[in-house]
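Below you'll find the structure, written out as structure tokens, and then a few comments.
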Amino acid sequence: MITATLRMASLRMDIGKGIISAILLASFVQSTALRAEPLSDSAPLDRGYRQMYNLQFSEAHRTFESYAVAHPDDPMAPVSDAAAFLFSEFDRLKILQSDFWIEDQPFLDFHKPPADPAIKKQFETAIAKAQRLVAVALKKNPDDANAELADTLRLGLSADYLALIEKKQMAGLTVVKQSRQEAERLLARHPEQYDAWIAVALENYLLSLKSGPVRWLLRMGGAQTDKTVGIEKMEITAEKGHYLLPYARLLLAVADLRNHLPSHAKAKLQWLAKEFPGNRLYREELAKLN
């Protein structure tokens, strides 16, 4: 009994570390050309995401709420608002700083500050609203790419919150798989939805980090564990994505640092710092490299 308990604890820690590594170790590839269109200042949703990446969370919430009033049936409004709540917690808890990710041990420190209960309630409310609007939209049109993208993002945000904020790694793993499955359904018909590729990348990279026996068990359960696929799909979002392009590039910059490629990380961080001058994180990471 004791041996079985210890094995289960080891498996949970292994999976937990894998979730965290996968989220921020998206690839070890060489630096690629930065060709994608930046977020616009004129499109309402773009403006909200630009404010979010500039750490202007109050402004982002107002922008997304204004968009929701004008487009009450669009699930991208509440799911984007949920993203701003999640990123505000990332900022408060210093989760996206490279020092946190160079080693896995900091994540295992369960004395980190807990989730903000007010933010948690607002995040969950936004996620639930997005889920309801997605259901209504897909009932009207099962091929609604916008609704399917919103649902993929909803699941991805939920997985991040569970794993990174609440430290519920097993629950996060389940939702990661659901997010990948939803993304595959969307991408089968709309491969141009480049932001969704990050969900496919996440599960593959996440589970490729496991030991051989664990990967075998997970594949038996229908999971995907192909590291090459994970790398390829993360590159797609980092090069061609839209709302999640800056996030994907930050993930790749951290991956470069872990793979001892500081010049490649610097190129990505310089682009991010130029695009989002209000985000001190990019400047701080560049200062460390300099």
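One residue is enough: does the stretch 231-242 have a residue meeting the conditions modelled with pLDDT under 85, of a type in the set (D, E, K, R) and surrounded by 20 or more Cβ atoms within 10 Å (Cβ to Cβ)? Yes, the stretch 231-242 contains a residue that is modelled with pLDDT under 85, of a type in the set (D, E, K, R) and surrounded by 20 or more Cβ atoms within 10 Å (Cβ to Cβ). Just so you know, in the stretch 243-290 the residues that are of a type in the set (Gly, Ala, Ser) and buried (at least 16 other Cβ atoms within 10 Å of the Cβ) include one that is farthest from SER88 (Cα to Cα), and it is ALA267.
Residues of the stretch 251-272 that are in a loop (DSSP other than H, G, I, E, B) and in contact (Cβ under 8 Å) with a residue 40 or more places away in the chain: ASN259, LEU261. Restricting the first member to the stretch 80-99 and to residues that are under 14 Å from TYR282 (Cα atoms) and at pLDDT below 95, and the second to residues that are assigned to a helix (DSSP H, G or I) and among the acidic types (Asp, Glu), the beta-carbon pairs closer than 8 Å and six or more apart or on different chains are ILE95/GLU89; GLN97/GLU284; GLN97/GLU285; SER98/GLU285. Which of the residues that make up the stretch 238-255 are out of contact with any Lys or Arg (no Cβ under 7 Å at 6 or more places or on another chain) and either of a type in the set (D, E, K, R) or under 18 Å from ARG50 (Cβ atoms) (or both)? Across the stretch 238-255, the qualifying residues are LYS240, GLY241, HIS242, TYR243, LEU244, LEU245, PRO246, TYR247, ALA248, LEU250.
Taken together, the criteria exclude PRO106 from residues that are at pLDDT below 95, touching a Lys or Arg at 6+ places or on another chain (Cβ under 9 Å) and not in a helix (DSSP H, G or I). If you go through the stretch 58-78 and keep only what is exposed (fewer than 13 other Cβ atoms within 10 Å of the Cβ) and touching a residue at least 12 places away in the same chain (Cβ under 8 Å), you end up with ALA70, ASP73. Kindly indicate the residue of the stretch 273-285 that is touching a residue at least 40 places away in the same chain (Cβ under 8 Å) and assigned to a helix (DSSP H, G or I) and also nearest to the chain's Cα centre (by Cα) among those meeting that condition. Filtering the stretch 273-285 for residues that are touching a residue at least 40 places away in the same chain (Cβ under 8 Å) and assigned to a helix (DSSP H, G or I), the one nearest to the chain's Cα centre (by Cα) comes out as LEU281.
The values are calculated or read from the model by the stated rules, or taken from the named source; none is laboratory data. What you see is a predicted model; the values in this text were computed from it and never measured. Virtual Cβ from ideal backbone geometry, glycine too; neighbours counted across all protein chains shown.
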